[in-house]
1. More than 19 angstrom separation, counting every C-alpha pair in the range 100-173; what % is that?
2. By the scheme Lys and Arg +1, Asp and Glu -1, what is the net charge of all other residues having a beta-carbon under 14 Å from that of GLU157?
3. Farthest toward the dipole's positive end in the range 100-173, which of VAL164, VAL139, GLY104, given Cβ charges of +1 (Lys, Arg) and -1 (Asp, Glu) about the Cα centre?
4. Kindly rank 104-111, 115-122, 130-137 from highest to lowest mean number of other beta carbons found within 10 Å of each residue.
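Any read-out appearing in this document is the output of simple, stated calculations on the displayed coordinates, not a laboratory observation. Being a predicted model, the structure only gives us computed values, none of them experimental. No Cβ is skipped: glycine too gets one built from the backbone with ideal geometry, and neighbour counts run over all protein chains shown.
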Amino acid sequence: MTTRRLHSMFLMGAALVAAHGAKAGAMPENPIERQVRRELITLPFYSLFDNLSFRVEGDTVTLMGQVTRPVLKTGAENVVKRLERVGKVVNEIEVLPLSPHDDGIRVGVYRAVYGHSAMFPYALRAMPPVHIIVKNGNVTLEGVVATAMQKNVAGIEAGSVPGVFSVTNNLRVEDAS
């Protein structure tokens, strides 16, 4: 496995862990959490237009988030079900509706957010840390950025895209101290 691939997997994992509720960059202590995170970040078709998170309670794993492809929802459930310590999987992942309008907004928001000079370094990553979720013209930004300014820039740029009805900026700042 190349260094670039390992680095990309770490970044995706950090974003997924942050979405899970742990501090970005911190490894979950629960072995089931580590296994679930590893399986989810390596799913084929997982992109910056999808948002996956999970919760572990005992041997039950609840999958949450939004995906653009139904195969990602079923794939996530299938890989987690196969894990040795997992007894039950509750799949609450929402499959976003097919919409050429939303597809256009996704591309527009991607270009607006990652085209800004404050955000451009993130665009060079294999999996950029800001996930862009679009449902019926409404945009939600999920993930982790380094500064509050980057969070604000992402929200403003997303709102500037034609056809966007609203923007919910759920980005977290890495070092809020």
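1. Values: 608 of 2701 pairs.
Every Cα pair in the range 100-173 considered, those over 19 Å come to 23 percent.
2. +3
3. Highest projection toward the positive end goes to VAL139.
4. Working: 104-111: 18.6, 115-122: 14.2, 130-137: 20.8.
Final packing ranking: 130-137, 104-111, 115-122.
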